[in-house]
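Engineer: The following block contains the structure, expressed as structure tokens.
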Amino acid sequence: GEDVEQSLFLSVREGDSSVINCTYTDSSSTYLYWYKQEPGAGLQLLTYIFSNMDMKQDQRLTVLLNKKDKHLSLRIADTQTGDSAIYFCAVKEGGTYKYIFGTGTRLKVLA
Amino acid sequence: ETGVTQTPRHLVMGMTNKKSLKCEQHLGHNAMYWYKQSAKKPLELMFVYSLEERVENNSVPSRFSPECPNSSHLFLHLHTLQPEDSALYLCASSQDTGAKNIQYFGAGTRLSVL
């Protein structure tokens, strides 16, 4: 089955860019998602990318997809303290409706 | 506010208790999901309902019993749970279970089993 991996922690200074990485194993994955989870809250969809795209930009967020390496990244420009949260990569398992989630990356933004 | 509401937000129960988690979505979606989120583990998909029919049961122990009376409501009935069942239980909904379904999550119920 699909396996999705993320590093557990990332610390950045306020105003810097953050890059959160994700690798996956199923090359037939069609849609890939980034979710944000703040303390005590559920998962909030940030953005998603279709597998035939290389890049998607949405305000401060840039998603890059390298299908050859099965690597997905989320770049947050001008990171703010309010961006501190856990970020989950999720991959749609090919041919199904199932999401496979990574373990999440905890982003800490230092003032 | 995602349009998916879960109650209660917190629940403490003994191993012999029976309780229920409730999820309600106001998005007009046709598919609903239960996930379990444990510390340092990926989200685990437990159950999926599409048009009120269960389409997925991911080897979940029978002490968890889902119910979907209509497309807007989803319940998770709990009985004789174990301490390792303590976790955050998340409900999600999506328009359907098609290729591009985007899942919207509730805030979760934090369950502690004593």
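Rule-based calculations on the coordinates, nothing more; no lab input. Small disclaimer: the values here were computed from a predicted structure and weren't measured. When we count neighbours, we look across all protein chains shown, and the Cβ atoms used for this are built from the backbone with ideal geometry, even at glycine.
Engineer: What average number of partner chain Cβ atoms lie no more than 10 Å from the Cβ of the residues making up A:28-41?
Structural biologist: Mean partner shielding for this stretch: 2.
Engineer: What is the distance, in nm, between label points placed 7 Å from the Cα along the Cα-to-Cβ direction at A:Thr25 and at B:His79?
Structural biologist: Modelled inter-label distance: 3.7 nm.
Engineer: Moving to a separate point now. Suppose each label sits 7 Å from its Cα in the direction of the beta carbon; what would the B:Thr5-A:Asp3 distance come out to in nanometres?
Structural biologist: For the pair B:Thr5/A:Asp3, the computed spacing is 4.2 nm.
Engineer: Around B:Ser50, under 12 Å between beta carbons, what's the net of Lys plus Arg minus Asp minus Glu among the other residues?
Structural biologist: Details: positive: B:Arg54; negative: B:Glu52, B:Glu53, B:Glu56, B:Asp96.
Residues close to B:Ser50 contribute a combined charge of -3.
Engineer: Treating only the Cβ atoms of Lys and Arg (+1) and Asp and Glu (-1) as charged, compute the dipole magnitude of chain A about its Cα centre; round to the nearest 20 debye.
Structural biologist: Details: 12 positive and 13 negative charges, 12 e Å.
For this selection, approximately 60 debye.
Engineer: Order these by the 10 Å Cβ neighbour count, fewest first: A:Leu46, B:Leu111, A:Leu61.
Structural biologist: Lowest count first: A:Leu61, A:Leu46, B:Leu111.
Engineer: Counting partner chain Cβ atoms within 10 Å of every residue's Cβ in B:39-45, what's the average?
Structural biologist: Mean partner shielding for this stretch: 5.
Engineer: Could you list, by residue number, the cysteines of the protein assembly as shown that have no other cysteine's beta carbon within less than 4.7 Å of their beta carbon?
Structural biologist: B:Cys68
Engineer: Follow-up. Just to check I understand the Karplus step: with θ = phi - 60° and J = 6.51 cos²θ - 1.76 cosθ + 1.60, what whole-Hz values come out for the range A:2-18, glycine and proline as x?
Structural biologist: 5, 10, 10, 10, 9, 6, 7, 9, 8, 10, 9, 8, 3, x, 7, 8, 10
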